[in-house]
Each structure stands twice: as structure tokens, then as C-alpha cells.
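Since the structure comes first, as C-alpha cells, the remarks are kept for the end.
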Amino acid sequence: MTDVSDEARTDAPEKSLRIGPPKTAAAGVPGVVHGLAHVFEEAGVGRGLRTLPLLNQQRGFDCPGCAWPEPGKPHLAEFCENGAKAVAEEATRKRADAAFFAEHAISELATWTDHRLGKSGRITEPMLREEGSDHYRPVSWDEALDLVAGELRGLDSPDEAAFYTSGRTSNEAAFLYQLLARKLGTNNLPDCSNMCHESSGTALVETLGIGKGSVSLEDITDHADLIVVVGQNPGTNHPRMLTALEEAKDRGARIVAINPLPEAGLQTFKNPQRVRGVVGQGTKLADRFLQVRLAGDLALFQAVNRLLLEADDDARTAGHAPVLDHAFITEHTSGFPQAAAAWRAVDQGEVERATGLDWAEIEAFVEDVKAADNIIVCWAMGLTQHKQAVATIREVVSFLLLRGNVGRPGAGACPVRGHSNVQGDRTMGIWERPTELFLDALATEFDFEPPRAHGLDVVDTVRALRDGQLKVFMAVGGNFAAATPDSAVTEAALREVPLTVHVSTKLNRSHVLPGKRSLVLPCLGRTERDTTGGREQVVTVEDSMSVVHASRGRLAPVTEALRSETAILCDLARRALGPEDPTPWEEFAADYSRIRDSISRVVPGFEDFDRRVAEPGGFVLPHPPRDARLFPTTTGKANFTVNELEIVQVPEGRLLLQTVRSHDQFNTTVYGLDDRYRGVKNGRRVVFVHPDDLASSGVADGDTVNLISEWPGPDGSVGERRAEGFRAISFPTARGCAAAYFPETNVLVPLDHTADQSNTPASKSVVVRLEPAH
Ligand SMILES: Nc1nc2c(c(=O)[nH]1)N[C@H]1C(S)=C(S)[C@@H](COP(=O)(O)OP(=O)(O)OC[C@H]3O[C@@H](n4cnc5c(=O)[nH]c(N)nc54)[C@H](O)[C@@H]3O)O[C@H]1N2
Ligand SMILES: Nc1nc2c(c(=O)[nH]1)N[C@H]1C(S)=C(S)[C@@H](COP(=O)(O)OP(=O)(O)OC[C@H]3O[C@@H](n4cnc5c(=O)[nH]c(N)nc54)[C@H](O)[C@@H]3O)O[C@H]1N2
Ligand SMILES: [Mo]
């Protein structure tokens, strides 16, 4: 069992850190053992066994881990090591109760690591920190909610409040949350999506007309000939995806992995549910690995598109079958001639510099593409968190369009979502830039005039906090202080807000960086039975492939005092909006079907919601490009785009740093201190660097270094941000690139370093230098 009792947040190197060779295979029996160990350690054997068989089953609860869909007929237990850890964290028997908060001052808790904070256990009752106090004290729900309501009513402008969401919130709670914000009069609804797949949404809306993926699970398992996994580490972050990839391989599909890191999960998968995964070699997943440089994907896909165009020219000259799908291009797309002209000018030398790949490697990949009738591209944060993220994803869409790989079985765009309901929250209107259509429907359903001016996203919320423009910061879930970039800026800013309110399950960094007054309101998690209003309630979620389904918690809540997110929001709304507000908040809280009835009239695709979601497996939301090759874009067609490449300039002696997840964390929740697949044991302050780059920095494998990020300020001077005490590890990453874990390295990510258009922090391309620590 991990002892976290004296883990402090320091810049000192970790003494017990051990480094071994990275693994070349994922999961297998060790995965099951690790997963179960976490469950039994945290939740106990009885409580643990009661939860696991219900995970992602049709009568159970939606896994609080990732958003990967469940198969139509789940295996008896679609076991996933990291899903088990997510459940264990929530079902834990440990408690951060009133005695805990009386014992530990806030200033003391602020010195704890994220790991230790999280291991304090579940929050058991509402807690208040009064101005000037160094302790949280218990408070009644009435007092807590009246305090928030009073503060909201006293604002000079509703835009002085911001309402953050993390993607675990159910559809029902999300819908009510955005309604509350808009009834108050603001669109300040920043959410974790702003740091996550915002770049995907932005690029997909522009090119295909809808900001969601266009494939189903069966497209991957049953139909695709080629699956490209780019900028994603599914072995750790979407382990159940490996089962789908394995099924695809079994029927002969090819997989190409594009990544600066040779992630174990993309090499070999030992499926613990299969005999050959338990005793044999497992399944080799990636047939080809392109070890691209960080931020090199735009150049790579431009080169691929150029080569496809040229191959098509050649084929036509030779009288062979064309390489491009000209019928599709003519009938369904716009902008092809301009894009084609730009591709013809793509420069080989520039591509090789940007990608770090040889032209021949790219040509070989193009042969895979030409041989495949149906292609799917899957991606995650490796594409979205760069300055040119939106352009890169637009280029990926062009790649798909060239051979008509949208709107037919086994083909399409597959942005693999992060949080289990991050996609649903956006569908429910958690968005600082809502569409007019959505606001009109909301206005009709609730008979009010919603605010039309766009609100603040995450980065702009940090700026507004920093500049003293916000008086109330409320969060339903998440860990804003640790998840956002430029930690020093965010942390200082949060402390100055007159009121912070966190609806949370577990203690985290955001709670120990309180505003002048701060409330922590404990809520039920996904695993727990929700009997709000005296009846068993069901909530709903939407997975990464637009399937909406029900989730029913089964465990007894950790204390009687916990309320559901929905109940908290209804009670708060009633108090904040006063008796003059006609919204039936009490009825919503008493019967979530009533919320679904309203959703069915506001959100397209949710007609007859309550009945359809009661069916096993739920229902699939409409997606015009996928379903009918209809593209609701500004041109009415799928759009090719021209994307100008800006090669990221890395000055001499500097590296490009990406901030990633270890195998033992869920975002800011640190389950444990190992990263098994990358050979790290008992520590997190590590930086992975190519051996040649270590040598040229004058650093030996195992040395302790400080990471210093360099960012040009408006006046041309270079601003430095420091993260100290990292063990340098020689690792087979792409040349010129480095990797370290977030949240520890968020302190290095400049607030203004964001993706063009989507404003997503560019936390996967931070220019740093290594400084030997003495
Ligand atoms: N167990 C677990 N599951 C999770 C999470 C978790 O923390 N733990 N988080 C959830 C969330 S919210 C999300 S968004 C997803 C995140 O899922 P991922 O996106 O897989 O998460 P990261 O760890 O950020 O890994 C980014 C991957 O992209 C690669 N990469 C980075 N930059 C580039 C680049 O420029 N080009 C290419 N081609 N590759 C690049 C990295 O080497 C790494 O393999 O996972 C979700 N699931
Ligand atoms: N440098 C760097 N920064 C990043 C990223 C990166 O790759 N690099 N990734 C970004 C991404 S993709 C994301 S999505 C964000 C994540 O940002 P967030 O979503 O804000 O962070 P999480 O760590 O997922 O939030 C965990 C907290 O949520 C609360 N919680 C858990 N379950 C529940 C629940 O059921 N209800 C409620 N109300 N609360 C609950 C717990 O208190 C827990 O401490 O981080 C981003 N930040
Ligand atoms: Mo995410």
C-alpha cells in the first residue's frame, strides 16, 4: 500500500524514484492485478466486488473514467485497469470529514502533493472557509446555498460570475447548470473541453459541419481497413479501445501509430480476456510507427495529401483507377482546387524538418493509405494541444475527404474524447459560445431572453480572475487550479476571488487555494445510488461516439449528507433566482424525467428522450455527415482547407516539451506514483529525453535537472517559468522533444500559449531548456 502520509509538494528530487526499461506490451494479467489491487485497497473487497461487475453494463453505471463507448453486447465484464482505478478512487472508504478539516489547516494542505490530497478520501459534508480563516468548517446545506445565492444576487453584472464544468457531470445536471447561468444572465461557462477537444470541435464544425466524431464502434471493429492512431496513448487513457483495435486486427485491418513516443499500448496488446493475451505473445497492434516530432503532424498530413494528389495524377496518366474519390469530391466537397494548389507547393525539406521523418517513411505510409478502402483516423491530445491544432485537424479531415472516407462504413474522423461525459455536457449547452439556435430553443422552452454575448472560456476565465473581474467562481467537478496552464498565475488569481464554490466528490488542489470565502459542496459520484426526491433516479451520458445511455449508481452513498449534482443545482437555482422565477426547479429535482422532457424540446436529436434512453444501450444521436453525407457547414458541403504551416521554432540548445499523463493518474487525480509502461516506479518528477539530446545538453541519464520554459513577452524579452528537481531519463522519444507529466509541469505552460482559433492551451509544445540542478 502506498504511504502518502508525509508526501509534500516540493521541488526536491524524489528519493525513492526507480527507473526501469519501458514496456513493449500493454495490459495482460498485470493490468488486471494492478486494477483490482487499487479497488481492494481503496474500496475494500466487498464494496469493490459490488461495483466492478456493474461497470459499463447495461443496467450498471457509466464508468467515471474515459468516454470510450461500450460494445452493444458487453463482455461479462469489460475489465479495464484504469476504469477499475477510477472506480476505486470514488468508492474509497477513506473520508475527508469534519475531523480531517479540523486537524489540517488549509495552508498545510496547500503543501501536500496532488496524490496525497486525493488520497484523503471522499468529502462528507458541506464545508465553508470564512474570510481570514485557515480552516474549513462544516456548514449546513441551507447556509451554504444561501451564501452562494446571496453573492450571485448581489453582483453588479452576471458576467462577474463564471461557472466551470468538468466532463463528469451528467446530461441532466449539465442542462440545469447552463440554464441557471443563462437565467442569471451570463454565458460564462468555461469547461474542461476548452483544454481538451475544443480544437477538434472547431476544426470539425468548419470542415464537416458538426463538432463530433463520425464513426461508430462497429466502424472500427468490423469495417475499417486502416486505422490511424495519431497523438493518442490509448493503452493508458482509453484501454478498452485496445480491445476494439484487436478485433479490427483479427479481421485483417492495418494500424498505423503516429507519435513522438513509442507507447507500449500501441505496440502489443495482451488482452486479459483472451487465452493468447494471458499466456501468449498478445496481439501486435501497430503495423507501422511514424515517430513524428511534436507539432509535426500538420506538415506530415500536408505531405501525405500532396503524395496522394501526385499518385492520382500518375494513375490517371497511366490509365489506372484513380487514387482520389473524384465523384465524392465533386458532389460533396468545396475548396478542392485551392487545397490542391497548396499541396502541390508542399516542400519536402520543410516537411522532413518539421516531422523529423524521412520522405520514404511518409511514402510508405501513403502506400498503406492507397491500399485501404476504408480509413479511420483516431486522435486525442497529441493533436489538440498545439498552436496549430485546429489547422492540423482540418488537414486530417482533408486527408479523409480525398478518398471519400466520410459517411460510409469503416471510415471517418474519430476524436477520442476524454472525460466520460465531456461530449454530452457540450451537447447540453455547456459552452461559452452557444449557437443562436440553441439559445432560441432555450428561450422558447423557459420563456426568457438568454444572454447572447459570448462568455469566457477557460483561458479567458484565468485572465479575468487575474485581472480581478470575477467575484464568484463556481465549479461543478474538476480541478481548475491544477488543470489550467500557468499554475502560478491561476493559483494566485483564485485566492483573490471573493467567493469560490466547488461541487466535488474528493479533495483537490482547487479546494486548498480557496477564494476569500470558499465552499466545498460534496456530491454523489457515478457509482452511488441517487434517491433524490424519494425515488431511484437515473442519469444519462453521451459517449465519444454519440451514443446516449443511462447510468445508475448502485453503491450506498458515503454519507447521508451527500446530494446529487442535480439536487444541488436545483436548490441553488431556486434560491438565486427567487420565487419570481417560474422554472420548476423542485419538480426537476424530484423527477429527472422532467429534466429530460425539457431537454427533448430544446436539444435536437433528443426527441422522446426519456423513453428512448430507457431502452437497453440507449440511442445514437443523429450525425448528418455520418448518416447521409450531408454537411451542415457554411457552404453546405464538406470543406477542404488551405493551412499555412508555421514550423515551431526551437532555439539552439532547447527542447520542445509535451506534458502528458502517466499510467497512474486521471488528469489531476494521481492514483499512484508509477508509470508502468514507461518504466517509472515511485515518482513523477521525471523528464523523458532522447539520449542524443541529453548528451548535447551535457546531462547524463539519471541526473537531476530543472526545467525552464522560455516565452517571449510582448516587449520581446523572454519570460522564464521554472519547474525544479526532475530526474532526466534517457528515452526513445523523437529527437528534439521531451515529455513530462502534468499537472506538475503546468507551471511551465504560458497562459498566452494557446491554439489559434480554439484558445486551447498548447501544453504539448512548450519550449524548454534543461538546467543541471546542483
Ligand atoms: N487513465 C486515464 N484515462 C484518461 C485520462 C487520464 O488522465 N487517465 N484522461 C482523459 C482525458 S480528459 C483525455 S483528454 C484523454 C487523453 O488521452 P491522450 O491524448 O492519449 O493523453 P495524453 O497523455 O495527453 O497523451 C497524448 C499522446 O499524444 C502524443 N503526442 C503528443 N504530442 C504529439 C504530437 O505533436 N503529435 C503526435 N502525433 N502525437 C503527439 C503523446 O506522446 C501521447 O502518446 O484521456 C482520458 N482518459
Ligand atoms: N499541461 C496539461 N494540462 C492539461 C492537460 C494536459 O494534457 N496537459 N489536459 C487537459 C485536459 S484534456 C483536461 S480534460 C483537463 C481536466 O481538467 P478537470 O476536468 O478540471 O480535472 P480533473 O482532474 O479531471 O478533475 C478531478 C476532480 O473532479 C472531481 N470529481 C470527480 N468525480 C466527480 C463527480 O462525479 N462529480 C463532481 N462534481 N466532481 C467530481 C474530484 O473532486 C476530482 O478531484 O485538464 C487539462 N490540463
Ligand atoms: Mo480531456
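Derivation of every value follows stated rules applied to the coordinates shown; laboratory data play no part. Values in this document were obtained by computation on a predicted structure and should not be read as measured data. Cβ sites come from the backbone with ideal geometry, for glycine too, and all protein chains shown count toward neighbours.
Pairs of Cα atoms under 8 Å, at least six residues apart: use those to get the relative contact order of the chain, whole percent.
Over the chain, the number comes to 21 percent.
Using a Förster distance of 25 angstrom, determine the FRET efficiency expected from the C-beta separation of Lys94 and Glu143, and round it to 0.05.
0.45
Report the convex hull volume per residue for region 297-387, counting only C-alpha atoms, in Å³.
Dividing the Cα hull volume of region 297-387 by its residues yields 132 Å³.
Beta carbons within 10 angstrom, averaged per residue: use that to sort the peptides 740-750, 364-374, highest first.
Result, highest mean Cβ count within 10 Å first: 740-750, 364-374.
Give, to the nearest whole percent, the P(r) tail of region 733-774 beyond 13 angstrom, counting all Cα pairs.
61
Stick to the Cα atoms of region 247-357, pair each with every other, and give me the Kirkwood hydrodynamic radius in Å at one decimal.
About 16.9 Å, per the Kirkwood formula over Cα pairs.
How big is Rg to Rh over region 669-774, alpha-carbon atoms, Rh as the Kirkwood inverse-mean-distance radius?
0.98
Could you work out how much longer the chain between Gln649 and Glu560 gets when fully extended? Use 0.36 nm per residue separation minus the Cα distance between them, nm to one decimal.
That pair, Gln649 and Glu560, stretches by 26.5 nm at full extension.
How much of the calculated P(r) for region 451-556 lies past 18 Å, in percent of all Cα pairs?
59
Near Trp585, within a Cβ-to-Cβ distance under 9 Å, what is the net charge of the other residues, with Lys and Arg +1 and Asp and Glu -1?
Residues close to Trp585 contribute a combined charge of -3.
Helix-only mean residue ellipticity at 222 nm, the chain, DSSP H runs n ≥ 4 weighted -39,500 (n - 2.57), per residue, nearest 500. What is it?
Helix contribution divided over all residues of the chain: -9500 deg cm²/dmol.
Using only the Cα atoms of region 78-213, build the gyration tensor, take square roots of its eigenvalues as a ≥ b ≥ c, and label the shape rounded, prolate or oblate: rounded if a/c is under 1.5, else prolate if a/b is larger than b/c, else oblate.
Since a/c reaches 1.5 but b/c is at least a/b, the shape of region 78-213 is classed as oblate.
Give, as a single signed number, the net charge of other residues whose beta carbon lies under 15 Å from the beta carbon of Pro514, with Lys and Arg counted +1 and Asp and Glu -1.
Once positives and negatives cancel, what remains is 0.
How high is the relative contact order of region 508-598, given as a whole-number percent (alpha carbon pairs under 8 Å, six or more residues apart)?
28
Using 1/(1 + (r/R0)^6) with R0 = 30 angstrom and r between the beta carbons of Ala12 and Leu49, what's the FRET efficiency to the nearest 0.05?
0.15
Enumerate the calculated ³J(HN,Hα) couplings along region 512-526 in order (Karplus 6.51 cos²θ - 1.76 cosθ + 1.60, θ = phi - 60°), each rounded to whole Hz, writing x wherever the residue is Gly or Pro.
Here the 3J(HN,Hα) series is 9, 10, x, x, 3, 10, 9, 10, 10, 10, x, 10, 5, x, 4 Hz.
Ranked highest first by the average count of other Cβ atoms within 10 Å around their residues, in what order do 659-665, 710-716 fall?
659-665, 710-716
So what is the relative contact order of region 647-774, in percent, for Cα pairs below 8 Å that sit 6 or more residues apart?
The normalised contact order for region 647-774 reaches 36 percent.
Can you pull a Stokes-Einstein diffusion coefficient for region 406-451 at 4 °C (1.567 mPa s), Rh from Kirkwood over Cα pairs, as a whole number of µm²/s?
Calculated translational D: 99 µm²/s.
Any idea which of Ala614, Thr51, Phe731 is furthest toward the positive side of the dipole for the chain, if Lys and Arg beta-carbons carry +1 and Asp and Glu beta-carbons -1?
Working it through, the farthest residue towards the positive pole turns out to be Thr51.
Could you name the lysines in cross-link range of Lys637, using Cα to Cα under 19 Å and dropping any fewer than eight places away on the same chain?
Lys212
Roughly how big is the chain's charge dipole about its Cα centre, with Cβ charges of +1 (Lys, Arg) and -1 (Asp, Glu), in debye to the nearest 20?
I would put it at about 1780 debye.
Tell me which of Ser398, Phe446, Ile258 sits at the most positive position along the dipole axis of the chain, charges placed on C-beta atoms (Lys, Arg +1; Asp, Glu -1).
Going by the charge dipole, the pick is Ile258.
Place a point 7 Å from Cα of His774 in the direction of its Cβ. Which residues in region 664-690 have their backbone N less than 11 Å from it?
Answer for this model: none.
Using a Förster radius of 41 Å, what is the FRET efficiency between Asp581 and Arg611 based on their Cβ-Cβ separation? Nearest 0.05, please.
0.90
Rule-of-thumb check for region 180-328: C-alpha Rg over 2.2 N^0.38 Å?
Compared with the compact-globule rule of thumb, region 180-328 sits at 1.33.
Can you pull the semi-axes for region 129-182, root of five times each eigenvalue of the Cα gyration tensor, sorted largest first, whole Å?
Largest first, region 129-182 gives 23, 17, 11 Å.
Just name one of Thr202, Val458, His135: the one whose Cα is farthest towards the positive end of the charge dipole of the chain (beta-carbon charges, Lys/Arg +1, Asp/Glu -1).
Comparing the listed Cα positions along the dipole, His135 ranks first.
If you stretched the chain out fully between Ala341 and Arg251, how much longer would it get, using 0.36 nm times the residue separation minus the C-alpha to C-alpha distance?
28.6 nm
Which pairs, out of Lys681/Lys764; Lys94/Lys471; Lys387/Lys516; Lys15/Lys270; Lys23/Lys764; Lys284/Lys681, put more than 27 Å between their alpha-carbon atoms?
Lys94/Lys471; Lys387/Lys516; Lys15/Lys270
Order of 82-92, 127-137 by packing, highest average Cβ count within 10 Å first?
Going from most to least packed, we get 82-92, 127-137.
Run through every distinct alpha carbon pair of the chain and return the Kirkwood hydrodynamic radius in angstroms, one decimal place.
26.5
Specify whether the C-alpha gyration tensor of region 548-679 places it in the rounded, prolate or oblate class, a ≥ b ≥ c being the square roots of the eigenvalues: rounded for a/c under 1.5, otherwise prolate if a/b is larger than b/c and oblate if not.
oblate
Sum up the charges of everything whose Cβ sits under 12 Å from the Cβ of Leu189, counting Lys and Arg as +1 and Asp and Glu as -1, but leave Leu189 out.
-3
In Å, what Rg and Dmax follow from the Cα atoms of region 493-618?
Gyration radius and largest Cα-Cα distance of region 493-618: 16.6, 48 Å.
Averaging over every viewing direction, what projected area does the convex hull of the Cα atoms of region 399-496 cover, in nm²?
That works out to 9.9 nm².
If I model a spin label as a point 7 Å beyond the Cα along the Cα-Cβ vector, how far apart are those points for Arg452 and Thr634 in nm?
With each label placed 7 Å out from Cα toward Cβ, I get 1.9 nm.
Under a Cβ-only charge scheme (Lys and Arg +1, Asp and Glu -1), can you give me the dipole magnitude of region 460-558 about the Cα centre, in debye to the nearest 20?
Using Cβ point charges on Lys, Arg, Asp and Glu, region 460-558 gives about 340 debye.
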